[in-house]
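See structure below.
Bear in mind that the values in this text are calculations on the coordinates, not laboratory data. In this text the structure is predicted, and so the values were computed from the model without any measurement. Positions of Cβ are backbone-derived with ideal geometry, glycine not excepted, and every protein chain shown enters the neighbour counts.
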Amino acid sequence: MIKVSLISLGCAKNLVDSEIMIGHLHQAGMSVIPEAELADVVIVNTCSFIDSSKEESIGHILEVHQNRGMKKRRKEQKLIVAGCMSQRFSKDLSSSLNDEVDAFIGLDQVTKVAPIIEGLYAKDRAAGQVPENFVTARSTYIPDFNTPRFRLTPKHTAYVKIAEGCNHPCTFCIIPQIRGRHRSRTVESVVAEARQLVKEGVKELNLISQDTTFFGMDTWEQRPNPRTPVDSTRGTALTTLLRELNAIEGDFWIRLLYTHPAHWSDELIRTIAECPKVARYIDIPLQHISDNMLGAMQRETSGDYIRDLIKRIRAGIPGIAVRTTFIVGFPGETEADVAELETFIRETKFERLGVFRYSQEEGTRGAKMENQIPAKTKEARWHRLMKLQQEIAAGVSQSHVGQTLRVLVEEPGIARGDADAPDIDGRVYVTKDLPVGEFATVKISGFQDYDLLALPRGQRPAEFKVAKQAQ
Ligand code: F3S
């Protein structure tokens, strides 16, 4: 039996691709093992978002190659490079990683990984021959509800990829060139998958895509423009999907990740408010607030639009936690732009916020722009905003002290509230006796930065700040 080991890098979308590859390997009778050094085949599922992700991917490839050592030559262990870096750079990497890699596969080959492996064994590569390249130019694949898949997340939480690809022209981002045009699954397909997951005991469905708010809109008869809001009167939309998912019987959360601000609408706000299973949490990457920067980034939004949208979301969905990300150091960013962003963050008090330093990515329009910002300036701006957010986050955490919170227990002693997405946000420390994978209601007694504490006195770590009434 062929033993395969898979190293999954990058985001949750790549993780779902890894899960699909493992599902197909199992279906073909291959076994998947965690130890790369014991495997006949190692697959590195790469990320290519920014330079550091490419470096990390190459580092893993070189490490696997080194570990095959002198004894395990290529005949005994094959190395396959998959994922975003392979999709985008397989031709360039073919010669530089000639010795290390046996084959490159792209995003549309995730379901064909087993026959590709069999093929590699059937014809041994002659010395000096370049690696096989199975990557197809334009990615068009989208999984269905019955696509074989082996979940790599804990039993109680799952990612559901509702669409793939992106039609936005953001000048800093390479992903549309890698993952192709936006294509949505059908509502029926997503609902069938969700039903099955809930039946298997999943308590949290994390809806992902490159642009979750555009779900269904690519199928509309009248083509929406990039700023068209979610509108179910024109065809299938995210609101249609959320209402159908909310109607599935069972106790579970639906979490919305990667919502582009341009497509939000009052209908979407109303739908979330009316669907109790949809977590009071939204992930809405805003990237900046200054019109100069939003224009240069081609975000298809404006400062006024964003300010008004956040107000409408907060007013329409009581208790909502808003997560966003901003980029500092985009070409041409001035002190005034940063000051405007700083004021916006201070006034809006996002419950969850990440800041990225702009990375000049080959193949993007941003990379060719003049007025690139020096690394030192980017770093200083990043520190300034992160420090501000740390203060805001402490205030947000403190506001929970004394409240009761419904949490999902992740592992003994550690849980998450519905304002905490897996792997991104904070944690709630709880007593170790709460059953893993189940919901529990706990009383918050303290906090430490982004994390909350729901432990009785005597079990609290010293560094946690505890409110007077909980002492
Ligand atoms: Fe994700 Fe990295 Fe690809 S962030 S979409 S794995 S480039």
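Computed quantities for the displayed model
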{"read-out": "Of all residues making up the range 345-359, the number that are more than 21 Å from the chain's Cα centre (by Cα) and either farther than 21 Å from Gln398 by Cα or among the hydroxyl-bearing types (Ser, Thr, Tyr) (or both)", "value": "1"}
{"read-out": "Evaluation of Met85 against (1) touching a Gly at 6+ places or on another chain (Cβ under 6 Å); (2) more than 23 Å from Asn206 (Cβ to Cβ) (one fails), failing number", "value": "(1)"}
{"read-out": "Residues that are basic (Lys, Arg) and farther than 26 Å from Arg88 by Cα, drawn from the range 363-387", "value": "Lys376, Lys378, Arg381, Arg384, Lys387"}
{"read-out": "Residue within the range 282-291 that is within 18 Å of Arg243 (Cα to Cα) and under 24 Å from the mean Cα position of the chain (by Cα) present", "value": "yes"}
{"read-out": "Residue check, Thr233 surrounded by fewer than 16 Cβ atoms within 10 Å (Cβ to Cβ), in a helix (DSSP H, G or I) and of a type in the set (Ser, Thr, Tyr)", "value": "yes"}
{"read-out": "Residue within the range 246-258 that is touching a Ser or Thr at 6+ places or on another chain (Cβ under 9 Å) and more than 13 Å from Leu205 (Cα to Cα) present", "value": "yes"}
{"read-out": "Any hit, the range 396-415, residues being closer than 27 Å to Ala12 by Cα and touching a helix residue (DSSP H, G or I) at 6+ places or on another chain (Cβ under 9 Å)", "value": "no"}
{"read-out": "Condition check for Leu152: under 20 Å from Ser18 (Cα atoms), assigned to a loop (DSSP other than H, G, I, E, B) and within 16 Å of the ligand (Cβ to nearest atom)", "value": "yes"}
{"read-out": "Members of the range 132-148 found to be more than 16 Å from Gly83 (Cα to Cα) and surrounded by 15 or more Cβ atoms within 10 Å (Cβ to Cβ), listed by number", "value": "Phe145, Thr147, Pro148"}
{"read-out": "Single residue of the range 155-197 satisfying the filter (of a type in the set (A, V, I, L, M) and part of a loop (DSSP other than H, G, I, E, B)) that is surrounded by the most Cβ atoms within 10 Å (Cβ to Cβ)", "value": "Ile162"}
{"read-out": "Cβ pairs under 8 Å, 6+ apart, first in the range 201-214 and more than 19 Å from Val407 (Cα to Cα), second within 15 Å of the ligand (Cβ to nearest atom) and acidic (Asp, Glu)", "value": "Ser209/Glu164; Gln210/Glu164"}
{"read-out": "Close pairs (7 angstrom Cβ cut-off, 6 or more residues apart or separate chains): without any contact (Cβ under 8 Å) to a residue 60 or more places away in the chain in the range 221-239, basic (Lys, Arg) and surrounded by fewer than 17 Cβ atoms within 10 Å (Cβ to Cβ) anywhere", "value": "Gln222/Arg234"}
{"read-out": "Enumeration of residues in the range 318-359 that are hydrophobic (A, V, I, L, M, F, W, C) and farther than 25 Å from Asp449 by Cα", "value": "Phe330, Ala336"}
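The rows are residues; the columns are (1) among the small types (Gly, Ala, Ser); (2) under 25 Å from Arg151 (Cβ atoms); (3) away from the ligand (no atom under 16 Å from the Cβ).
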{"residue": "Leu197", "(1), (2), (3)": "no, yes, yes"}
{"residue": "Leu207", "(1), (2), (3)": "no, yes, no"}
{"residue": "Trp220", "(1), (2), (3)": "no, no, yes"}
{"residue": "Arg223", "(1), (2), (3)": "no, no, yes"}
{"residue": "Arg227", "(1), (2), (3)": "no, no, yes"}
{"residue": "Val230", "(1), (2), (3)": "no, no, yes"}
{"residue": "Trp253", "(1), (2), (3)": "no, yes, yes"}
{"residue": "Leu256", "(1), (2), (3)": "no, yes, yes"}
